[in-house]
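The following block contains the structure, expressed as structure tokens.
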Amino acid sequence: MLDGGFSFIELLRIGVDIALVWYVLYKLIMLIRGTKAIQLLKGIAVVLAVWLISILFDLQTVQWITNQAILWGFLSIIILFQPELRRALEQIGRGNLFSRNARSEEEVIENNIEAIIQSAKYMAKRRIGALISIERETGVGEYAETGIPINGKLSHQLLTNIFTPNTPLHDGAVIIKKNEIAAAACYLPLSESPFISKELGTRHRAAMGISEVTDALTIVVSEETGDISCTKNGELFRDLNEDRLREILFNNLSLQHAPERKPKKRRGDSNG
């Protein structure tokens, strides 16, 4: 027995119990990261904080309202989080929820970036119009639902083939989620900003539009000029060469989020 009345075995059991609960919570948070569910979790945290404050200061009306919200909250969570819960159960069934990938997540991101760059270079050289939107923290599922589901592993061959002229999916936007092409031929909201140059077409307005309502990173290849542009948070970056495009992608998609980080060059990369 220890001084606190617990034996070493009991303390070890309590420690393992707490560690397992935290591990499961961590995995669940990682599972819903980047979806709208994470925003809903923040809302739940706010409701709980208001509930605690109402108890502390004896705010009876506020406490009654928050009690009702918490009472019905479990049913709301099941309804609102239905896609995430279904995905979690599917991964548990496949045994993938707690398995570790052999490759680091950073390496996967770097490979995805290179696939996007190679595809953009190919299409720019041949003046193939393209619109590629990459999901970040804010979910873009509602826009993916307007297109044709692909759910295919991201590769520059598949990405380029989608935008090949006179094919069924070449019109509209491609939406990328993590390392998958989620959907093609998607409709994005058009920006109504009066500051967009009149020489820019629908693709650029769509890229600006989704950048104004989400934090997605969107790449545009002009069919008329072959120029590559990129939008982020309502900003438009035009006439990008390969190095500048790589820099933007790494600075916004890399796990390190280092503005001054110099992405490593790969064998065979050109300078523009």
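Take the residues of the range 184-243 that are under 20 Å from LYS125 (Cα atoms), open to solvent by less than 40 Å² (accessible area, probe 1.4 Å) and polar (S, T, N, Q): which is farthest from the chain's Cα centre (by Cα)?
SER222
For every residue, the table says whether it meets (1) at pLDDT below 90; (2) among the aliphatic types (A, V, I, L, M).
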position: PRO165; (1), (2): no, no
position: LYS177; (1), (2): no, no
position: ALA182; (1), (2): no, yes
position: CYS186; (1), (2): no, no
position: PRO189; (1), (2): no, no
position: GLU192; (1), (2): yes, no
position: GLU199; (1), (2): yes, no
position: GLY209; (1), (2): no, no
position: SER222; (1), (2): no, no
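Among the helices (runs of 4 or more DSSP H) lying completely within the range 115-221, list those that include at least 1 residues that are of a type in the set (S, T, N, Q) and out of contact with any strand residue (DSSP E or B) (no Cβ under 6 Å at 6 or more places or on another chain).
So the answer is 156-162, 202-213.
Only one residue in GLU145, GLU114, GLU135, GLU105 is within 19 Å of LEU253 (Cα to Cα) and open to solvent by 60 Å² or more (accessible area, probe 1.4 Å), so which one is that?
GLU105
Between a first residue in the range 124-144 that is farther than 15 Å from GLY201 by Cα and a second residue that is open to solvent by 20 Å² or more (accessible area, probe 1.4 Å) and acidic (Asp, Glu), which pairs have beta carbons less than 9 Å apart while being 6 or more apart in sequence or on different chains?
Short answer, once both residue conditions are applied: ALA124/ASP227; GLU135/ASP215; ARG136/ASP215; GLU137/ASP215; THR138/ASP215; GLY141/GLU135; ALA144/GLU135.
Out of everything in the range 100-123 that is among the aliphatic types (A, V, I, L, M) and closer than 30 Å to LEU200 by Cβ, what residue ends up being modelled with the lowest pLDDT? Explain how you work it out, then say what you get.
Our first condition is that a residue be among the aliphatic types (A, V, I, L, M); within the range 100-123, this holds for 102, 108-109, 113, 115-117, 120, 123.
With the extra rule that they be closer than 30 Å to LEU200 by Cβ, the set shrinks to 109, 113, 115-117, 120, 123.
Working: ILE109: 87, ILE113: 93, ALA115: 94, ILE116: 95, ILE117: 95, ALA120: 95, MET123: 96.
Taking the candidates together, the pick is ILE109.
State all residues of the range 118-137 that are of a type outside the set (Gly, Ala, Ser) and closer than 14 Å to CYS230 by Cα; if no residue qualifies, say none.
If the condition is that a residue be of a type outside the set (Gly, Ala, Ser) and closer than 14 Å to CYS230 by Cα, then LYS121, LEU131, ILE132, ILE134, GLU135 are the ones that fit.
The values are calculated or read from the model by the stated rules, or taken from the named source; none is laboratory data. What you see is a predicted model, and the numbers here were worked out from it, not measured in a lab. Counting neighbours? That spans all protein chains shown, and the Cβs are built from the backbone with ideal geometry, glycine included. Keep in mind that these areas ignore ligands, DNA and RNA; they rest on the heavy atoms of the full protein, side chains included. Shrake-Rupley method; radii C 1.70, N 1.55, O 1.52, S 1.80 Å.
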